[in-house]
1. Considering every residue within segment 249-257, establish whether at least one is at positive phi and surrounded by fewer than 18 Cβ atoms within 10 Å (Cβ to Cβ).
2. Out of curiosity, is Gly284 surrounded by 13 or more Cβ atoms within 10 Å (Cβ to Cβ), part of a loop (DSSP other than H, G, I, E, B) and on the phi > 0 side of the Ramachandran plot?
3. Could you please let me know if Asp140 is crowded, with 18+ Cβ neighbours inside 10 Å and over 30 Å from Gly45 (Cα atoms)?
4. Sort out which residues of segment 300-310 are small (Gly, Ala, Ser) and at pLDDT 95 or above, and write them in order of number.
5. Which one of Arg40, Arg78, Arg46 is over 37 Å from the mean Cα position of the chain (by Cα) and not assigned by TED's automatic domain parsing to the domain that holds Tyr283?
6. Suppose the filter is surrounded by 13 or more Cβ atoms within 10 Å (Cβ to Cβ) and among the hydrophobic types (A, V, I, L, M, F, W, C); does Ala246 pass it?
7. Taking the stated definitions as given, is Leu337 in contact with a helix residue (DSSP H, G or I) (Cβ under 7 Å, 6 or more places away or on another chain) and outside any loop (DSSP other than H, G, I, E, B)?
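The values are calculated or read from the model by the stated rules, or taken from the named source; none is laboratory data. This structure is a prediction, so every number in the text was calculated from the model and none was measured. Positions of Cβ are backbone-derived with ideal geometry, glycine not excepted, and every protein chain shown enters the neighbour counts.
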Amino acid sequence: MTGSFLSRWKINSWEIKLLEQPDEHYSLVGGNLVVTNPDRSKHTGRYVCVAQNIYGIIISKEAIVKFGYLNPFSTEEREAVQVREGQGVVLLCVPPDHNADDVTFRWILNEAPNFLHPDKRRFVSQTTGNLYISKVEPSDFGNYSCYMSSLAVSKSVISPFIPLIPLTEHFVWCLSSCLKKTIPYGLGCECGQYVWVGTITMAGALLHLFNVQIEDEGYYECEALNSKGKDWHKAYLYVEAAPEWAAHINDTEKDIGSELTLSCVANARPEPYIRWLKNGYSYGKGELKFSSLTFEDSGMYQCIAENRHGSIYANAELRVIACPPTFENNPVRRRLLGARNGRVVIECKPKAAPRAKITWSKGTTMLTNSSRIRVWDDGSLEIFNATKADEGMYTCFAENDRGKGNSTGTLSITGVRTVLMSTSDSYRSLSKT
């Protein structure tokens, strides 16, 4: 939005009336809303800035204010986990209630700060917090605690110990597998020797995909082998993404009565929902089609693409115009030079809304289409096989329901069969080809 404008703020669709009802918590600094000593009961919600000028209204993308918290783990004692050596095991984190988007999970073995380092056997899901051990070894014996932290709320909490007790047996038949995801995406497979089958082949209990892209979506298969045999497990990896614009709206100026289609295209997984705002108010979904534009269609339009991962906004002004024909900025060339037996084109491009009806005259004689003279749809006059008799003054007449206008140029014919242009005198000649 260009030019001077007024802005105001809303929370949960209610306007914050700073001038009428001063508030000790709210203040405006350069158009930005500042919340001092925020209170969860008053200031939690969705904020938008509404900007308005003579052309219309647009609203900002929503800013969601949430109050973060991270509760402590339950103090209930955790049961010991017993598992045979060589088998896989999952230690459940069971995170407490929290409202923080940046939580991270780590595990402590026996005592802090002895943090467990994920490797080919051990994997920590940053989605659930669970610890996956693909093949238990005697060295895994000990007490494990889930460590959960958030920089946003400047807090860390630790779960009660979970004893892990590996059991030794002479023979182990182990052909089970598990698959779990995290970010970066990780797939875990238990037991024996491991082979991942798919678009890539590699060995190891964990397959890590960094910087996941849409093309990584598909089936992944883990194959586990030992001296007793082999088994496999297949899982499908779904990749989702927030919307990104493939094509969006731009500022547009259209004649009154003309047709117009406004559309936006966004790439996203899952498929984005497209909706529209006009001057800050809901105005439809999908594609906007205008069969005959009116002045009331002018305004600020916003296209919004959204799915569960986010939303994006595109803003544009639609200006519907109407004016009588004018040649002020683009008159007919004053002097034109044509070649004998050649082809001459004289352009007529007035500004007019709605589009003007174009007619031509030579001197006082109105011209009509013939074998040698044609008026094209764009208003241009074309003369074929030009002769000396075609010399003279040519006038373009433009008319619409708003008024009339005209512009005149003089054509001279020479025997030179070349194109001559003069920036000072605006000469133009088109030779026959």
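1. Looking for residues that are at positive phi and surrounded by fewer than 18 Cβ atoms within 10 Å (Cβ to Cβ), one finds at least one in segment 249-257, hence yes.
2. No; evaluated as a whole, the condition is false for this residue.
3. Yes, satisfied.
4. Result: Ala305, single match.
5. Arg78
6. On the way: surrounded by 13 or more Cβ atoms within 10 Å (Cβ to Cβ): no; among the hydrophobic types (A, V, I, L, M, F, W, C): yes.
So Ala246 fails the test.
7. The answer is no for Leu337.
One line per residue, one yes/no per condition, for (1) among the acidic types (Asp, Glu); (2) outside the structural domain of Ile58 (by TED's automatic domain parsing); (3) under 16 Å from Leu411 (Cα atoms):
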| residue | (1), (2), (3) |
| --- | --- |
| Glu328 | yes, yes, no |
| Ala353 | no, yes, no |
| Ala356 | no, yes, no |
| Thr359 | no, yes, no |
| Leu367 | no, yes, yes |
| Trp376 | no, yes, no |
| Thr387 | no, yes, yes |
